[in-house]
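In what follows, a single structure is set out as structure tokens and then discussed.
The values are calculated or read from the model by the stated rules, or taken from the named source; none is laboratory data. None of the values given here were measured: they were computed from a predicted structure. Heads up, the Cβs are rebuilt from the backbone with ideal geometry, glycines too, and the neighbour counts pull from every protein chain shown.
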Amino acid sequence: MGEVLSQNEIDSLLQALSSGELDAEEIKDKGEKQVKNYDFARPAKFSKEHLRTLEIIFEHYGRLLSTNLPVYLRKNIQVEIMNSEAVTYLEFSNALSNPVLLGIISAPPLKGSIIMEMASNLGYAMVDRLLGGAGAPIDKTREFSEIELIIIERMMSICVELLREPWQNVVNIAPRLERIETNSQFAQFISPSEMVAIITVNLKIGDVEGLLNVCLPYLCLEDVMDKLNTKFWYSSLTELDENSYSEHIEGLISKVSIPIKATLGHSNIDVNDFVNLQIGDIIRLDKKVDEELEVYVGNIKKFLALPGESGDAYAVRVTSVLREEE
């Protein structure tokens, strides 16, 4: 409730106005509040901070695309995040052309669907490359055949699976490509007035360049909007313990298969003797029975061991580990 003036204050105010000490217009201006126009047709559900965080996430995603896709396409892949913007879904769907490659993605625990639009020329280039061609798009745009769609679906599933890692600092998602739509008329998955965030990625496969648009509806991100800010992003990064990285790397290395061999010894013989070797012949080595053998990991001499048996197989028992300084 506003402050109530006493009679003396009212009289003093009227006297100041009549004498010109106060200007009524100045008092009126001071009392006015600045009003900001609000467009109810385009509610501002995504702030600049949200869009910037999404750009950071998809910059990570772009790096994964540039390192993983060349394995399948055997072509140099260049990825650049062009921009991010908030628009209505109607504006996004009206910009789609025919034929179009729309990947419908589910990413639980996020609600709803994420939509990934791939330029048609990129789809043709992927098909041509995977079928043994140079990776050139066709001259005249046409509908995709069923075989081409199966090939494109395989590649898009790989792109969708790569979304898992960039989102880990926000939420652990399980992305899955549900289906591919090629007609923009069947692209009405959410309300036309729903606000969506569009991340535009420029993808270059060899000499073929096209856009990859990722549509993220507000409904899908509503539960994690508080985490879509750079402060939360960087704080979650600092919380990661360096030991977890070491353990993770150690776990990956422990599963790697490496060649290992034990050298029984060496000997020099004539080519004529080598050609005439028969079963039962004896080759004299430069090692005695009780001497330690050299064990190589790859091409590196790493262990010394004694020969023996394990069941019905030959084996060696490691006696010492050779360090780098040795």
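Only residues that are closer than 28 Å to GLU143 by Cα and either outside the structural domain of VAL160 (by TED's automatic domain parsing) or in a helix (DSSP H, G or I) (or both) were counted in region 63-111, giving 14. Say we look at region 172-226 and pick out the residues that are farther than 24 Å from MET126 by Cβ and among the charged types (D, E, K, R); which of these is surrounded by the fewest Cβ atoms within 10 Å (Cβ to Cβ)? So, considering only residues that are farther than 24 Å from MET126 by Cβ and among the charged types (D, E, K, R), the one surrounded by the fewest Cβ atoms within 10 Å (Cβ to Cβ) is ASP226. Of the residues that make up region 282-291, is at least one modelled with pLDDT under 90 and either under 46 Å from the mean Cα position of the chain (by Cα) or small (Gly, Ala, Ser) (or both)? The answer is no; no qualifying residue exists.
Residues that are assigned by TED's automatic domain parsing to the domain that holds ILE173, buried (at least 18 other Cβ atoms within 10 Å of the Cβ), outside any loop (DSSP other than H, G, I, E, B) and charged (D, E, K, R) do occur in region 120-129, at least one of them. Here SER106 meets the list (1) in contact with a helix residue (DSSP H, G or I) (Cβ under 9 Å, 6 or more places away or on another chain); (2) touching a residue at least 40 places away in the same chain (Cβ under 8 Å) almost entirely, failing just condition (1). For the residues SER6, SER18, SER66, the requirement of being out of contact with any helix residue (DSSP H, G or I) (no Cβ under 9 Å at 6 or more places or on another chain), at pLDDT 90 or above and of a type outside the set (Val, Ile, Thr) singles out SER66. You will find that of SER84, SER157, SER113, the residue that is touching a Leu at 6+ places or on another chain (Cβ under 6 Å), under 14 Å from CYS215 (Cα atoms) and surrounded by 14 or more Cβ atoms within 10 Å (Cβ to Cβ) is SER84 and no other. Looking across LEU304, LEU322, LEU277, LEU285, one residue alone is among the aliphatic types (A, V, I, L, M), touching a Phe, Trp or Tyr at 6+ places or on another chain (Cβ under 8 Å) and over 13 Å from LYS261 (Cβ atoms). It is LEU322. Only one entry in GLU153, GLU117, GLU178, GLU165 is without any contact (Cβ under 8 Å) to a residue 60 or more places away in the chain and either β-branched (Val, Ile, Thr) or assigned by TED's automatic domain parsing to the domain that holds TYR61 (or both), namely GLU153.
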